[in-house]
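Accompanying notes for the structure given below.
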Amino acid sequence: MNNRSPAVAEAFAARVKSLVDAKAWAQVVAECEACRASGEDAPEVAFLRSIAAYYLDDYLCAVKEAERAFEGNPQVAEYAEWAAAAFVQVGDFPNSMYYAKMAAALPSDPNIRALRPDGLPVFAEIFLDIEEFPLMQKAIGAAAWGRWTEAESWFRQHIALEPRHRDGYLGLAQCLLVQGRGQSAVQILRAAMHNMAGDAAIASLLGQALTSNGMDRDAQAVHRWAMERAPEDESIAAAAVLDLIADSEREASALAGDVRSWGDRFGMKAGALGPVPRARRKGRLTVAFLMGAVGRRLKGTALAGILANFDRNRFRLVGFGGGVLTDGHNIVFQKALDAWHDIRDMDPFTFGAMVAAEDVDILIDVSGFWSPKILAGLGARVAPIQVAWMGAPLGTGVASFDGMLTDAFLVPEGTVPPFAERPLRMKTGCLPVDLPAGDLPLADIDDGHPPVFAADVSMAELTPRLVETWAGILAESPESPLVLYDHDFRDSGNTDRLISLFGTFGLAHRVDVVGSVSPVDFFAQADVALAPLAGYRPETVLNPLWAGIPVVAMAGDGVHRRESGSLLHHLGLGAETLAADVVSYRRLALGWAGDLPRRMAFRNGIRQRLQSSPVFDGAVRAKDLGGILDALWEEACAKAGG
């Protein structure tokens, strides 16, 4: 295209300039690629392709095309100037300075200058504002607001430019894990291990990714390898313990023992951070919540609804979490708390000083192992009363905790809990849960097709035992399909595993995978929901209920596997949905599948039933929790003689 006629060049420039003025960047890309496909190429094509890539957030393409434009004609100041601006925005300062010097010495081309869109960054204006690793900063910012697809793109571009930057790999892998893409995270972390062999933090996260993908034995081998290289790192040891908890074959008592071993090794002793605080009678209590990143999860909005309904004449509420209150994952607590502190990367001594400065009476740890260093520090006791909640289902393993918030389903009266903390049973259930959006559709139930079974199950939850159970259901409902909500199942490795698991029972052809819809929309296309055998995720039973279809779940063996069962029990649905063993699980599922009138009646009444339940009433839940805290405080004051 360098030898093309001036008329052709002028026509191309006119076409693309109109698209540039309209900010139709995808069409600019198409026009440039069409030029190249026709065998014509020129520096202005690469120049415009680079600018379009920049506005489409593809910075890697932007710098490559900027270089290509300059190489095509190294005598144009506009090409060098844009290359300098493009490179500085990806943190490549040497290349940026080189092109900036070239731009200062070259003549301007008015035709190319006319192609520049208004507002395109100029090197001299942005150079001083660019931080180190700018793409990494963009990724972190997107992740803080839960924009995971955008964050993933920035992390990937950063790694392409900085292939040995460990934090880039860790950030990308965490981003993928949050999206439920364990297999993709495994691939990224294996590449990181190749580039940075011996890095214990990368190995630890690889272990977590393997666990999320159902590869428990491989995961524990990697965790052992990581702990050998960082034996004093409480976070790496905690990650190994948490992944053991996800092992469906390990007994709850053994798992609780693993947690206690971690606490015995890393937990601080009482008084290690200063004098142990004592309870004293007072009119208004300060209750602090160690949030971690709970706001990212579904429990966050429900917890905020509970806290917003606390009696402020009796309680002052303080939050400690990762990031500032205006971050996307914390913003749900803005109207629920009286004060907030960012404790990212904080050591236990500083945290203890902040708790003392706030004069905290009761500290409730919602985050569990979010910050193992802080959790270990709580062994020193930083508040008169310390209570665990949610983040450590089998206990914290750390001394100086006065109780664990639970309920009568998770830990029935008269039973001995596996954790060392005293069970504090909430009457309305201990799990903060929130209803899905009200405008999502209800299932369209009719008898024109065989009943459709559906499940929201991760690869880690999709055990041979679960597939065997489902195979028994499908064998007795021979025309029914099973539809799975997509959890990275379309990755080639996971697809092969799915085919193998279900193919063992001759059922691979009856299983389909559906993604790109909300979980409620997904369940609205089915008739009966099948929950995983281990009830780690209450949303796997709540979403189908909100879609208007019955769900079948196991009551669960061990506190940590009974959360879904707890929700169903406190909703008053236990008799209809909860099974004690796989035989009754199959019977319940087939009973629902074979009774169309019952399913229709269930559909017509379930949303009203959910909306009227105290489980979703923040005021009721706040009164329940507040009563427990008042009783604890009175007891502590009596013991302290205050």
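Look at the alpha carbon pairs under 8 Å that are at least 6 residues apart: their mean separation over the length of the range 256-398 gives a relative contact order of 36 percent.
Legend: residues THR301, THR428, sorted from most to least accessible area (1.4 Å probe; ligands, DNA and RNA excluded), read THR301, THR428. The heavy atoms of THR149 offer some 100 square angstrom of accessible surface to a 1.4 angstrom probe.
When the residues TYR54, TYR585, TYR536 are ordered by accessible surface, computed with a 1.4 Å probe over the protein chains alone, the sequence from largest down reads TYR536, TYR54, TYR585.
Computed from Cα atoms, the angle from the helix 77-88 axis to the main principal axis of the chain rounds to 20 degrees. When the chain is described by a simple charge dipole with +1 on each Lys and Arg Cβ and -1 on each Asp and Glu Cβ, the residue from PHE70, GLY180, ALA86 located farthest towards its positive end is GLY180.
For the chain, what is the accessible area per residue in Å², given a 1.4 Å probe and the full set of protein chains?
Details: 26490 Å² over 642 residues.
With the other protein chains kept in place, the chain gives 41 Å² per residue.
Measuring only protein heavy atoms, the 1.4 Å probe finds ASP512 accessible over about 90 Å². Note on the range 203-326: with charges restricted to the Cβ of Lys and Arg (+1) and Asp and Glu (-1), its dipole about the Cα centre is near 1280 debye.
Counting only protein heavy atoms, what percent of the accessible surface of the range 359-502 is carbon or sulfur at a 1.4 Å probe?
On the way: 2600 of 4900 Å².
Looking at the range 359-502 in its full context, I get 53 percent from C and S.
Near the amide H of HIS341, within less than 5 Å, lie the amide hydrogens of GLY319, PHE320, GLY321, all on another chain or at least 5 residues away, with H placed in the peptide plane. Sorted largest first by accessible area at a 1.4 angstrom probe radius, with every protein chain in place, the residues GLU10, GLU152 fall in the order GLU10, GLU152. Can you tell me how the range 1-109 classifies by the Cα gyration tensor, rounded, prolate or oblate, using a/c under 1.5 as the rounded cut? In terms of gyration-tensor shape, oblate. Considering only ALA399, PHE320, GLY379, and ranking their Cα positions along the charge dipole of the range 295-417 that arises from unit charges at the beta-carbon of Lys, Arg, Asp and Glu, the one farthest toward the positive end is PHE320.
Secondary-structure-derived ellipticity at 222 nm for the chain, considering helices only, amounts to -15500 deg cm²/dmol, per-run term -39500 (n - 2.57) for DSSP H runs with n ≥ 4. For the chain, a simple Cβ point-charge model (Lys and Arg +1, Asp and Glu -1, everything else neutral) yields a dipole of about 1600 debye relative to the Cα centre. In this structure, the amide hydrogen of THR286, modeled 1.01 Å from its nitrogen in the peptide plane, lies closer than 5 angstrom to those of ARG316, ASP361, ILE362, counting only residues at least 5 positions away or on a different chain. With θ taken as phi - 60° and the Karplus curve 6.51 cos²θ - 1.76 cosθ + 1.60 applied, the whole-hertz 3J(HN,Hα) list for the range 108-122 is 7, 10, x, 5, 6, 4, 5, 7, 5, x, 4, x, 5, x, 10 Hz, x standing for glycine and proline.
Summarising the amide proton neighbourhood of ARG562: residues at separation of 5 or more, or on other chains, whose placed amide H is nearer than 5 Å comprise GLY535.
Here the range 127-240 exposes an accessible surface that is 52 percent carbon and sulfur, computed with a 1.4 Å probe and the other protein chains kept in place. Based on Cα contacts under 8 Å between residues 6+ apart, the chain shows a relative contact order of 10 percent. Could you work out how far helix 492-503 tilts from the main Cα principal axis of the chain, as a 0 to 90 degree angle to the nearest 10? Taking the Cα atoms of the chain, the angle to 492-503 is about 40 degrees.
The values are calculated or read from the model by the stated rules, or taken from the named source; none is laboratory data. Because the structure is predicted, anything quoted here is derived from the model rather than measured. Glycine also receives a Cβ, built like all others from the backbone with ideal geometry; neighbour counts cover every protein chain displayed. Just the protein is used for accessible areas: all its heavy atoms, side chains included, with ligands, DNA and RNA removed. Shrake-Rupley method; radii C 1.70, N 1.55, O 1.52, S 1.80 Å.
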